[in-house]
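These notes concern the structure reproduced below.
The values are calculated or read from the model by the stated rules, or taken from the named source; none is laboratory data. All figures in this text were calculated on a predicted structure; none of them were measured in a lab. A quick note on method: Cβ atoms are made from the backbone with ideal geometry, for glycine too, and the neighbour counts reach across all protein chains shown.
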Amino acid sequence: MRRVRIDARPDWREIVSAQGLVYCETRHPDGSLKPYWEDSAYYSFVEEEIRELERVTAELFAMCVAAGDRIVEEGLYRRLGIPEGAVQRIAETWHSEPPSVLGRFDLRYDGHGPPKLLEFNADTPTALVESAVVQWNWLEDRFPDQDQWNEIHERLILAWQRQLPEGSLIHFAHTSSERSGEDLMNVAYVQDTAAQAGHPTRSLAVEQIGWNPLLGFVDTADRHIERIFKLYPWEWMVTEPFARHCLDWMGEGVNQTVWIEPIYKMLWSNKGLLPVLWELFPGHPNLLATYFDSPRHLPEYVRKPLLSREGENIEIFAPDHGVRLETGGDYGAEGYVYQEFAPVPACDGPNHPVIGSWVVDGEPAGMGIRESDGLITDNLSRFVPHLIEEGGSSE
């Protein structure tokens, strides 16, 4: 694994925007615009590194299934800060396995030691368009004779075909918040893969979902919503005014609604998954020691809120490495976990890459890489494409 610098394409902004990446630049706190899509570098891997990442991704997913079993069987919901009202539906969907399409593991990896799980973005993972489409087109444009670990698009189409009856109508919902550009882009892409799989689709904003006492949840044309993919976190949904309707009318019965991703994803999109994994698989080479409530014996640690997003309210306590950081945000009241400090490596200067390893329909599907200037990957990170060196070796 190595970071390689190249000359950016002069018209890269126009190219990636035309491919669906509507936010190719990010506005930083000083008011400046800096690239979100990095066109002047890429990460190069050899085949055995890719095989290891693929193997570890599959093993981590199987371990998460075991952790979900532990949480449900032992009723550990309160440890994860999950509201009591959601417990019954979580358990029901865990056992009935309604449609579930995708998730993304975030991994620490440097090409030398084993990949380490940082967290599992199991409910509302983004960076999908750049992972599945834009970096593949970049490869075809810049390095057409090379390969890439990227089966995301094809696997998404197969997932929609396998998980739902042919011709199923699916609604797709995005938020209309200030981040709606990113959310809409990701939802529109997933909607396109469902359409390619042969399903009729309709789009709307989460805020446009209506409630009809006779029909259940309806769209803007007052049509019943049978199945809906949403890019809206379950931990938000269960606190909304319509939460009771959502929980009571969930399923495949008359006027009920199937939500994709299912509510059991609250077990995995929660940092509380990490200490449960460590309890089940202590010392596993792809896990970092993680505990509820306190760092215990960890001399250096990262404190993470159970529900934190985009690097908010993260504390790094690593005096031996000369690091003490803390970010702001609105999380923490729900509780914390304490994870062993394993700094993301620096590549080609102060570039700290995190591997986003995608799971589609329960199978490893490809990866996308986000890098940041510091040790905490936040909403100012960059997306950097990758390729597999032909005939390369890690030796």
Could you please find all residues in region 174-199 being in a loop (DSSP other than H, G, I, E, B) and in contact (Cβ under 8 Å) with a residue 40 or more places away in the chain? Thr175, Ala197
From the option list Arg104, Arg142, Arg89, single residue qualifying as out of contact with any helix residue (DSSP H, G or I) (no Cβ under 6 Å at 6 or more places or on another chain), among the basic types (Lys, Arg) and more than 20 Å from Ile376 (Cα to Cα) is Arg142
Top-ranked residue of region 252-304 - restricted to ones that are in a loop (DSSP other than H, G, I, E, B), at pLDDT 95 or above and of a type in the set (Asp, Glu), ranked as surrounded by the fewest Cβ atoms within 10 Å (Cβ to Cβ): Glu300
Within region 337-349, can one find any residue that is crowded, with 17+ Cβ neighbours inside 10 Å, in a strand (DSSP E or B) and among the hydrophobic types (A, V, I, L, M, F, W, C)? yes
Looking at the structure I just gave you, is Ile369 in the same structural domain as Leu158 (by TED's automatic domain parsing), of a type in the set (A, V, I, L, M), under 28 Å from Ala159 (Cα atoms) and within 22 Å of the chain's Cα centre (by Cα)? yes
Here the residues within region 305-335 that are assigned to a strand (DSSP E or B) and either in the same structural domain as Leu107 (by TED's automatic domain parsing) or free of Cβ contacts under 8 Å to residues at least 60 places away in the same chain (or both) are Pro305, Glu315, Phe317, Ala318, Val323, Arg324, Leu325, Glu326
Evaluate the following for Val56: is it part of a loop (DSSP other than H, G, I, E, B), of a type in the set (Val, Ile, Thr) and either modelled with pLDDT under 95 or closer than 29 Å to Gly111 by Cβ (or both)? no
Residue that is surrounded by the fewest Cβ atoms within 10 Å (Cβ to Cβ) [pool: residues in region 16-38 that are among the aromatic types (Phe, Trp, Tyr) and in a loop (DSSP other than H, G, I, E, B)]: Tyr23
